[in-house]
1. Give the number of residues within segment 327-351 that are among the hydrophobic types (A, V, I, L, M, F, W, C) and surrounded by fewer than 22 Cβ atoms within 10 Å (Cβ to Cβ).
2. Mind telling me which of the residues T433, T425 ends up being of a type in the set (S, T, N, Q), in the same structural domain as K387 (by TED's automatic domain parsing), in contact with a Phe, Trp or Tyr (Cβ under 9 Å, 6 or more places away or on another chain) and exposed (fewer than 13 other Cβ atoms within 10 Å of the Cβ)?
3. Give the residues of segment 264-282 that are under 14 Å from T111 (Cα atoms), part of a loop (DSSP other than H, G, I, E, B) and among the small types (G, A, S), sorted by residue number.
4. Being over 17 Å from T331 (Cα atoms), more than 20 Å from the chain's Cα centre (by Cα) and outside any loop (DSSP other than H, G, I, E, B) is the filter here; which residues of segment 156-187 pass it?
5. Based on this model, can you work out whether G342 counts as of a type outside the set (D, E, K, R) and at pLDDT below 95?
6. Give segment 223-248 a look and list any residue that's closer than 16 Å to P299 by Cβ and surrounded by fewer than 22 Cβ atoms within 10 Å (Cβ to Cβ), or say none.
7. Among the residues of segment 13-47, which ones are crowded, with 24+ Cβ neighbours inside 10 Å, under 22 Å from V330 (Cα atoms) and hydrophobic (A, V, I, L, M, F, W, C)?
8. Sort through N374, N305 and tell me the only one that's outside the structural domain of S407 (by TED's automatic domain parsing) and either of a type in the set (S, T, N, Q) or touching an Asp or Glu at 6+ places or on another chain (Cβ under 6 Å) (or both).
Amino acid sequence: MNIVIIGGVAAGAKAAAKSRRLLPDAKIDIYTEDTHVSYSSCGLPYYIQGNFDDYKKLIVRTPEEFGKSNIDVHLQNRVIKIIPKTQKVIVKDLTNDVEFPVPYDKLVIATGAQPFIPEIKNVHMPNVYKVRTIEDGIAIKEAMKTAKHVTIVGGGYIGIELLEAMVKNNIQTTLIESSPHVMAALDDDIAELITNYIKSESGDFVKLLTGDSVISFNGQDRVEEVVTANGEKFDTDMVIMCAGVRPRVDIAQEAGIALGVTGAIKVNSRMETNIENIYACGDCVEETNVISHRQMWLPLGTNANKEGRCAAVNLAGYTEDFEGVLGSAVTRYLSLTISTTGLTNKTAVDWGFDPVSVVVTKRDKAGYMPEVQNVTIKLIADKRSHKLLGGQAIGCGDADKRINTLSVGLLNGLTVEELAGADMTYAPPFSTTIDPLLSAARLLIDKLR
């Protein structure tokens, strides 16, 4: 069996490795236009920050290591066309512009996502950077050495992580976000707390321009000045675009592969597309939300790895279903953990639920412990059914472990009453006698009643 995989970061690399374990005699080829394979793009902000100096630590598996498993990795080779009728792809070697056909029995599309670049005057100047590949990370880290001011466009997960990187390197930074708050994927009340924390902890280094957008980058051969829609003008040494990503679906769409309502590739629970013997996984596909059963696009590394494995199991002739996603995610800004799972209040309303929520702030462990910190938890349930819909937690304490617990409850369709009865561990260094998540559940029960 000939297995061809397009893309080799998270989903593609996982699909290759799992396929080899299930099909020891198959021929497996990965084609990627990248210069590296199987690396952690999620780790780029922390490499840029200086948590470690060797970018090779981001690489999970090298082409040589894949080769030891008899998986051939073809770097700087772009698949430019898929021909389902003859089960071939056309590959272009980017080092010499030579094109050649490659036959497949099973094809896995793992083309991922690409940075969204807004229409801004002079946005393609050389000191405007994106954050997607290892080369991007290396270029930003080098440019930071002489930068006195950095502009970050976008205040989502990557924008916040890069803001932390700049602050920890004592670089003056302006972050521009079109929404009223940073972390716009969260509810406004939680996002406002994050905004306030950033201002209180980093006011000397950070300027936040929310509810604003860039209209022009000015300069001769490089960006020297930023102009915003609200009339702000300021000098800068470099710009990092973090305005989001979009699924890479061009070659799939041209081959007749169906896209879903989100604009990403439509797949079933076995990662099969509408064309026989073609699978898709990772940031280029849409997923089913477990709670709403609606389609959504959620480009996260955890999802990509699970989907790559699922695609491999099914193309190998076994059966495995990928049931969907909750949207569980976590990041940090300095000492503040920011985490979420399930629906926010606003998405719950948009998707036809009648959400009721509470916000509580509690200590994350016994108050007499020296490392005690606060966590703020927002817990959301449906008014009619009392089923849990989602939650958000932030704080300098252990916010993320509360969200991880909640995610299991969401997967199992628990009501808030059932969550309140959970038997959670307690010892003074780890929690209060009644865990903050259970305190939130009790308050939410009272509000629902």
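The values are calculated or read from the model by the stated rules, or taken from the named source; none is laboratory data. Values in this document were obtained by computation on a predicted structure and should not be read as measured data. All Cβ positions, glycine included, derive from the backbone under ideal geometry; neighbour counts span all protein chains shown.
1. From segment 327-351, those among the hydrophobic types (A, V, I, L, M, F, W, C) are 329-330, 334, 336, 338, 343, 348-349, 351; that's our starting set.
Now restrict to residues that are surrounded by fewer than 22 Cβ atoms within 10 Å (Cβ to Cβ): 329-330, 334, 336, 349, 351.
Total meeting the criteria: 6.
2. On the way: T425 fails: in contact with a Phe, Trp or Tyr (Cβ under 9 Å, 6 or more places away or on another chain).
Residue meeting the stated conditions: T433.
3. A264
4. Within segment 156-187, Q172, T173, T174 meet the criteria.
5. On the way: of a type outside the set (D, E, K, R): yes; at pLDDT below 95: no.
Here the answer is no, as G342 does not meet what is asked.
6. G244, V245, R246, R248
7. Matches in segment 13-47: L44 only.
8. Details: N374 fails: outside the structural domain of S407 (by TED's automatic domain parsing).
Exactly one of N374, N305 is outside the structural domain of S407 (by TED's automatic domain parsing) and either of a type in the set (S, T, N, Q) or touching an Asp or Glu at 6+ places or on another chain (Cβ under 6 Å) (or both), namely N305.
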